[in-house]
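Below is one structure, written out as C-alpha cells, with a few remarks after it.
The values are calculated or read from the model by the stated rules, or taken from the named source; none is laboratory data. Here the structure is a predicted model, which means the values were calculated and not measured. Here Cβ is always computed from backbone atoms with ideal geometry, including for glycine, and neighbour counts include all displayed protein chains.
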Amino acid sequence: MTQGYYAGISGLVSNQYALDVISDNLANVSTTGFKSSTAEFADLFTEAIASSNASSPTSDNVGVGVRLQATSAQMSQGSLMPTDRVTDLALQGNGWFGVAGNNQDYFTRNGSFSFDAAQSVKGDINSSTSHLVNADGMYVTGTMLSNFAYNATLDYGDKTTNGASGAYVLTNPTLDVPLGGVGAQGPLEFPTRLTYPVTPTTQAQFFGNLGIDPQSRTISSDLISSTNEKNNLKLTFSQSATQPTEGIAWDVVATVTSHDGTTLYDTQNGQVTFGVSGELKTSSLPLVNNNGSSVAINLGSNFSGLISTAGMGVSGSSQSDGMAGGTLTKYGVNSDGTIIADFSNGKQSAIGRVAVYHFQNDQGLNREGGTYYQQSSNSGKPVFWTDTAGNAITGATIQSGNLESSNVKMEVGLTDMIIMQRAYQANSKTITTVDDMIQKALQMHR
C-alpha cells in the first residue's frame, strides 16, 4: 500500500517538472531563435510480488513510480519574421551561428545582430571599424579576408570638411570567401571607411568617319586619372595643308583637361593619313598625360576604327578603359553568409563570411539560457559541412533582413498543460486514496 503512496508522490513531482517545461515553452513563445523542450518520462523500477516460473504467461511485477527522464530540445524550424535591418540574420535549415564572449564560445539560432564601433588605430577616428555583435555584445564569428589595408594619407572625400585624411583601401576585390577551419574562426570586423581602388585609364579608342569635307571635327573621350578624377580627352581634326597624292591627311590636336575644362593637363600634336578607300594608314599621335598617368590614343587600323570617306555620314564615338574609385555605401549578406561591400562606383567585393556550425547531435548541446548553447560530450565538436570537393559550405540558407521566431506551438503547449494538470490531479487523488486506506487499516488494528 505504501508503494502506491510513493508512486503518487513521484507522479506529482514528475508532472510538476513537466508543467515547468511547458510553462517555460509558453513564456518564450515570442523569443527569437528559441527552441522548445519536451518532457520525457520513465518508470522508476518495479518490484516482484511473487516469483514467476518458466510456465507463467505473465509477470508478477508492480511499478513503484515515475521520474522525469529527460527534457529533449525540439529543433524544428521556426517561422521567419521580416525586419528592416540587413544585419538581422535567420537560418533556414540546420546549423548554428557562433558567438564569442567572456572567453567562451556559444551557439545560437538568434541572429539579431548589429554593428558596434571601434578603432583599429588608437586615436585615429578615420580608422573606425565595426564588429558584428549580438544584443549582449558577443562577437559573431566567421572568416575575415585580409584584402584591405589602412592608408592614413588617403582622402576619403571629406578631408575638406573634417580636416583629416585616412581610410581603408580594398587591395584585392573578390566575391569568394573560403571558410577556414572551425578552430580558425574569429570575430568579424569591418572597416566603416572603405574605398574601391581607382584604375587609371591607359588607353582611349576612337571610332567614326571624318568624311572628306574640310571642316574641323572633334571627338572626345572620358578619362580616369590616378587621383580618381574624371578628365576629358579631346581630339580636334583639321585637314592638313599638304595632302598626299592618294588619300587624305588630317592634323590632330589632342588636349587633356579637367572635366569642367578649367585645368589643362596636356596638349599633343600629330597627323593621321587615310587611303583612297578611307582606311586608316598612319598615325603619329603620341601618348598624352592624364594628370600623372600616360594614356595611349588608339585610332584603330584599316577600317576597324577611324576612317575618312565620302561614302558614309560623319560620325564619332569613343571608349576608354579604367575605372573610377568608389567609397563604401553599405554592407550586405548573401545566402551563404558572404558579407559583400557595395561601393559608390557600382562595384562589389566580399570582405568576410559568417560561419554556420553543425553538430552530430544537436539535442546533446548544453542549454545555457539566453538562447545560447554550448558543446558537450553528447553533442560532439562543431564541424563544417563540406561539398563533394571537400570545401567547407554553409549547409543552410541565411536570410538577411529576417529573424527566426520561436518554434513553440502555443496550441500544443496549452493542450499539454491540460493533460499535465489532469495527471497531477489524478496523482494527488492516488495519494489521498492510499492515505484513506492506511487510515482504515490502522482503525481495523485498534
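As for the stretch 155-175, it holds at least one residue that is closer than 24 Å to THR262 by Cα and among the polar types (S, T, N, Q).
Please verify whether SER72 is of a type in the set (Ser, Thr, Tyr) and surrounded by fewer than 17 Cβ atoms within 10 Å (Cβ to Cβ), treating the condition exactly as stated.
Numbers: of a type in the set (Ser, Thr, Tyr): yes; surrounded by fewer than 17 Cβ atoms within 10 Å (Cβ to Cβ): yes.
So SER72 passes the test.
Quick check: is even one residue across the stretch 145-157 touching a strand residue (DSSP E or B) at 6+ places or on another chain (Cβ under 6 Å), polar (S, T, N, Q), in contact (Cβ under 8 Å) with a residue 24 or more places away in the chain and more than 23 Å from GLU229 (Cβ to Cβ)? So far as the stretch 145-157 goes, no, none of its residues is touching a strand residue (DSSP E or B) at 6+ places or on another chain (Cβ under 6 Å), polar (S, T, N, Q), in contact (Cβ under 8 Å) with a residue 24 or more places away in the chain and more than 23 Å from GLU229 (Cβ to Cβ).
Listed here are the residues, each with its yes/no results for (1) basic (Lys, Arg); (2) under 30 Å from ALA39 (Cβ atoms); (3) not assigned by TED's automatic domain parsing to the domain that holds TYR17.
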residue: GLY337; (1), (2), (3): no, no, yes
residue: ALA341; (1), (2), (3): no, no, yes
residue: GLN348; (1), (2), (3): no, no, yes
residue: GLY364; (1), (2), (3): no, yes, yes
residue: THR371; (1), (2), (3): no, yes, yes
residue: ALA392; (1), (2), (3): no, no, yes
residue: ARG422; (1), (2), (3): yes, yes, no
residue: LYS429; (1), (2), (3): yes, yes, no
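Can you say whether ILE219 is surrounded by fewer than 17 Cβ atoms within 10 Å (Cβ to Cβ) and either part of a loop (DSSP other than H, G, I, E, B) or out of contact with any His (no Cβ under 8 Å at 6 or more places or on another chain) (or both), as far as the supplied structure shows? Explain how you work it out, then say what you get.
Values: surrounded by fewer than 17 Cβ atoms within 10 Å (Cβ to Cβ): no; either part of a loop (DSSP other than H, G, I, E, B) or out of contact with any His (no Cβ under 8 Å at 6 or more places or on another chain) (or both): yes.
It is false that ILE219 is surrounded by fewer than 17 Cβ atoms within 10 Å (Cβ to Cβ) and either part of a loop (DSSP other than H, G, I, E, B) or out of contact with any His (no Cβ under 8 Å at 6 or more places or on another chain) (or both).
Selection of strands (runs of 3 or more DSSP E) fully inside the stretch 360-421 by the criterion of at least 1 residues being within 30 Å of THR83 (Cβ to Cβ), under 24 Å from the mean Cα position of the chain (by Cα) and of a type in the set (Phe, Trp, Tyr) returns 372-374.
From LEU328, LEU264, LEU299, LEU280, grab the single residue that is surrounded by fewer than 19 Cβ atoms within 10 Å (Cβ to Cβ) and not β-branched (Val, Ile, Thr).
Values: LEU328 fails: surrounded by fewer than 19 Cβ atoms within 10 Å (Cβ to Cβ); LEU299 fails: surrounded by fewer than 19 Cβ atoms within 10 Å (Cβ to Cβ); LEU280 fails: surrounded by fewer than 19 Cβ atoms within 10 Å (Cβ to Cβ).
Matching residue, one of LEU328, LEU264, LEU299, LEU280: LEU264.
Here is a yes/no grid of residues against (1) surrounded by 13 or more Cβ atoms within 10 Å (Cβ to Cβ); (2) polar (S, T, N, Q); (3) within 12 Å of the chain's Cα centre (by Cα):
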| position | (1), (2), (3) |
| --- | --- |
| GLY305 | yes, no, no |
| THR309 | yes, yes, no |
| GLY316 | yes, no, no |
| ALA324 | yes, no, no |
| GLY332 | yes, no, yes |
| ALA341 | yes, no, yes |
| ALA350 | yes, no, yes |
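Check the stretch 63-81 and report whether any residue there is closer than 30 Å to THR195 by Cβ and either among the charged types (D, E, K, R) or modelled with pLDDT under 85 (or both). Checking the stretch 63-81: not a single residue is closer than 30 Å to THR195 by Cβ and either among the charged types (D, E, K, R) or modelled with pLDDT under 85 (or both).
Scanning the stretch 1-36 for residues that are outside any helix (DSSP H, G or I), in contact with a helix residue (DSSP H, G or I) (Cβ under 7 Å, 6 or more places away or on another chain) and either modelled with pLDDT of 90 or more or β-branched (Val, Ile, Thr) (or both) gives VAL29, SER36. Considering the stretch 384-437, the residues that are of a type in the set (Lys, Arg) and exposed (fewer than 15 other Cβ atoms within 10 Å of the Cβ) include one that is farthest from ILE339 (Cα to Cα), namely LYS429. In this structure, ASN231 qualifies as polar (S, T, N, Q) and in contact with a Leu (Cβ under 6 Å, 6 or more places away or on another chain). So is ARG422 charged (D, E, K, R) and under 29 Å from SER114 (Cβ atoms) or not? So ARG422 fails the test.
Please find, within the stretch 166-180, the residue that is farthest from ALA392 (Cα to Cα) out of those that are surrounded by fewer than 16 Cβ atoms within 10 Å (Cβ to Cβ) and within 18 Å of the chain's Cα centre (by Cα).
Step one: list which residues in the stretch 166-180 are surrounded by fewer than 16 Cβ atoms within 10 Å (Cβ to Cβ), which gives 171-176, 178.
Going one step further and asking which of them are within 18 Å of the chain's Cα centre (by Cα), we end up with 173-176, 178.
Numbers: PRO173: 21, THR174: 18, LEU175: 16, ASP176: 12, PRO178: 7 Å.
That would be PRO173.
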